[in-house]
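Encoded as structure tokens, the structure appears first; notes follow it.
The values are calculated or read from the model by the stated rules, or taken from the named source; none is laboratory data. Source: prediction; values computed, not measured. In this analysis, Cβ positions are derived from the backbone assuming ideal geometry, glycine residues included, and neighbour counts consider all displayed protein chains. The accessibility values were calculated without ligands, DNA or RNA, using every heavy atom of the protein model including side chains. Shrake-Rupley method; radii C 1.70, N 1.55, O 1.52, S 1.80 Å.
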Amino acid sequence: MTQPRILVARAVFPETLARLARHFEVESNQDDQVFSKQELVARLKDKAGAFTTGSERIDADVLAACPGLKIVANMAVGYNNFDVPAMTARKVLATNTPDVLTETTADFGFALMMATARRIAESEHYLRAGKWTKWSYDMFAGAEVHGSTLGILGMGRIGQGIARRGAHGFGMNVIYHNRSRLSPDLEAACKARYVSKEELLKTADHLVLVLPYSAESHHAIAAKELAQMKPTATLVNIARGGIVDDAALAQALRDRRIAAAGIDVFEGEPKVHPDLLTVPNVVLTPHIASATVQTRMAMADLAADNLIGFLVNGKPLTPLNPEVLS
Ligand code: 8YV
């Protein structure tokens, strides 16, 4: 019996490929080229399934050119690279990798917030550049983390993980804003108080963005919002590029409208707005919030489980558009 054909669109753990190869005829991309839309279509048009990452956009054009496609399994919790309504209309199942990366990503969000508040990258660059010739009383004096007010925009699983770390580990006063308010039980577990977006911006000492990217969240933090923040505040974005207006952020950092920022995701990444590269008070990391070996393996396993679960057993684990199954 012939096995279903799948495309693994980016390089992945050899163990994941070996597992997939037991069930499918696999076309892989261990050279890790990032395919253009045409290249993606050329490889996908004879496939029943795809294993993707955030760099492959699955939209109406791609779907129209790939009529045999039945499932696209994203190795990411975020899925703004998918046009889910178009996938549902074509009866193509979409899956993502929730839960397995929650705590690791929350760890990183907290680490980036601390690095930003305590000026770790900026002071390290100074030391490496040979500029440290004497200690001084105010050298790299940053912002307090413990006991300060932690603001979270987007209170899904990762936001809640950051809230718990802040409230229970660092005695922070946690406030949040989200499309919908958490249940009283969840608010109590996170020791978090629901506030308006305006109050969040005005009150937070450290504001962490963990909301999904959508048309509504595009430039949710731009010049107007940055102007409402405290001049001593820090901003961290581990959510998606495009939620922050990077040019406006660079300007606010240069003008010391806010004290500092920690940014892991960028509009148009892997390109980074050139103005961000020239301001000192920003910590820049290359979209690594989920990057531990264990978590990336768990994400790859879950994406593979979804492909095997659906194409072999008819039961995917984490469908985004389960209506396709009925
Ligand atoms: C991924 C992420 O590494 O899961 C997500 O949504 O942003 C990251 O964990 C990235 O999207 C690659 O697919």
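The table that follows gives values for the structure above.
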{"quantity": "Cβ charges +1 (Lys, Arg) and -1 (Asp, Glu), total dipole of the chain, debye", "calculated": "240"}
{"quantity": "FRET efficiency estimate (nearest 0.05) - Cβ-Cβ, HIS146 to LYS91, R0 45 angstrom", "calculated": "0.30"}
{"quantity": "Set of the range 277-312 residues, backbone N closer than 15 Å to the point 7 Å along the Cα-Cβ line of ALA18", "calculated": "301"}
{"quantity": "Whole-percent carbon and sulfur share, accessible surface of the chain, 1.4 Å", "calculated": "55"}
{"quantity": "Normalised contact order of the chain, rounded percent, pairs of Cα under 8 Å and 6 or more residues apart", "calculated": "18"}
{"quantity": "Per-residue HN-Hα couplings for the range 111-127 [Karplus 6.51, -1.76, 1.60; θ = phi - 60°; Hz; x = Gly/Pro]", "calculated": "4, 5, 5, 5, 4, 6, 5, 9, 6, 5, 5, 4, 6, 5, 4, 4, 5"}
{"quantity": "Cα-Cα over 26 Å, subset of LYS47/LYS91; LYS37/LYS91; LYS134/LYS230", "calculated": "LYS134/LYS230"}
{"quantity": "Estimated vicinal HN-Hα couplings, Hz - the range 213-225 in sequence order (Karplus 6.51, -1.76, 1.60; Gly, Pro = x)", "calculated": "7, 7, 4, 6, 8, 4, 6, 4, 10, 10, 3, 4, 6"}
{"quantity": "Spin-label model distance (nm) - ALA247 vs SER123, 7 Å beyond Cα toward Cβ", "calculated": "3.5"}
{"quantity": "Which of VAL279, ALA11, LEU127, positive extreme of dipole for the chain (C-beta unit charges)", "calculated": "LEU127"}
{"quantity": "Relative packing of peptides 26-34, 162-170, 276-284 - highest average C-beta neighbours within 10 Å first", "calculated": "162-170, 276-284, 26-34"}
{"quantity": "Alpha-carbon centroids, the range 36-102 and the range 4-19: separation in whole Å", "calculated": "15"}
{"quantity": "Candidate aspartates and glutamates for bridging to LYS45, where Cα separation is under 16 Å - those fewer than 8 sequence places away on the same chain excluded", "calculated": "GLU25, GLU27, GLU56, ASP59, ASP61"}
{"quantity": "Amide N of the range 259-293 lying under 13 Å from the label point, which is placed 7 angstrom from the Cα of SER55 along Cα→Cβ", "calculated": "269-271, 287"}
{"quantity": "Estimated vicinal HN-Hα couplings, Hz - the range 134-151 in sequence order (Karplus 6.51, -1.76, 1.60; Gly, Pro = x)", "calculated": "7, 7, 9, 4, 10, 5, 6, 5, x, 9, 5, 9, 4, x, 8, 9, 9, x"}
{"quantity": "Surface accessible to a 1.4 Å probe, per residue, for the residues of the chain, Å²", "calculated": "48"}
{"quantity": "Separation of alpha-carbon centers, the range 231-255 and the range 257-326, rounded to whole Å", "calculated": "19"}
